1. For the chain, just the Cα set please: Rg and Dmax, both in angstrom.
2. Roughly what angle does helix 176-192 make with the longest principal axis of the chain, taking Cα atoms, 0 to 90 degrees, to the nearest 10?
3. Exposure proxy check: GLU83, GLU71 ranked by fewest other beta carbons within 10 Å?
4. For the chain, with the dipole built from +1 on Lys and Arg beta-carbon atoms and -1 on Asp and Glu ones, taken about the Cα centre, which of ASN112, ALA9, PHE165 lies farthest toward the positive end?
5. Taking Cα atoms, how many degrees apart are the long axis of helix 132-144 and the longest axis of the chain, rounded to 10 and kept between 0 and 90?
6. Assuming 0.890 mPa s and 25 °C, estimate D for the range 6-79 with Stokes-Einstein, Rh taken as the Kirkwood radius over Cα pairs, in µm²/s.
7. Evaluate the relative contact order of the range 1-106 (contact order divided by residue number), counting alpha-carbon pairs under 8 angstrom at least 6 apart; express in whole percent.
Amino acid sequence: AWGVDVMVAASQKGLMTPPGLGFVFLNEKARAASSDTASWYWDWTPRSRPAAFYEYFGGTAPTHHLLGLREALNMIAEEGGLEVVWARHAKLARAAWAAFEAWGQGGPLELNIADPAQRSHAVTALRIGGDNGTRLRRWVEEKAGVTLGIGLGMVEPDDPAWHGFFRVGHMGHLNAHMLLGALGVIEAGMVALDIPFGDGALAAAARVVAEA
């Protein structure tokens, strides 16, 4: 339905498994296109139709990753399936955006993607100016054990502007109290660091969470 012949994915992030597993999905069109390859590098067969289990991995199976993946898939099934998980991701993303937009009304915080239709339901990138991104990330980690992501691809790391970005993830095994708690810590950090921000962010996020 998506028109994708080959997809490469990884185990971390939304699939809730430690990094280290790679997934390659292919359809028969892709298999046929590589049927006369002379190199094992482009030959799907040893990995997709192996003679022995270990050949899926080119050697010893990553047992602990597979056990973690099994549990992650169980969690998705127990919640009600992918559609239910995606709906939760979407609601938590909207709650986070509501808080960010409220904060931005009275300070430098700004969502990197202005149009909500173009934003990710998995992670939100923000700009907060100066060195505020780095200062805030350090404060929330040291004072409250909350880890915020660095800005990726905004500017080069040796550019002073690099310190003005951060990211917030809202995917995987995340629920409302985790997100609301993290938002509360971010607001506490801005208070402690004298970073100006608008009022009502947590209430705005709570209203989204309360939606049916």
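Values in this text are rule-based calculations from the coordinates and carry no lab data. Please read all numbers here as calculations on a predicted model, not as lab measurements. As a convention, Cβ positions derive from the backbone with ideal geometry for all residues, glycine included, and neighbour counts pool all protein chains shown.
1. Cα only, the chain: 21.1, 64 Å (Rg, Dmax).
2. Relative to the chain, helix 176-192 is tipped by roughly 50 degrees.
3. Numbers: GLU83 9, GLU71 12.
In order of increasing Cβ crowding within 10 Å: GLU83, GLU71.
4. Value: ALA9.
5. Value to nearest ten degrees: 90.
6. Working: Rh = 13.9 Å.
In µm²/s, the coefficient is 177.
7. Numbers: 69 pairs, mean separation 20.8, N = 106.
The normalised contact order for the range 1-106 reaches 20 percent.
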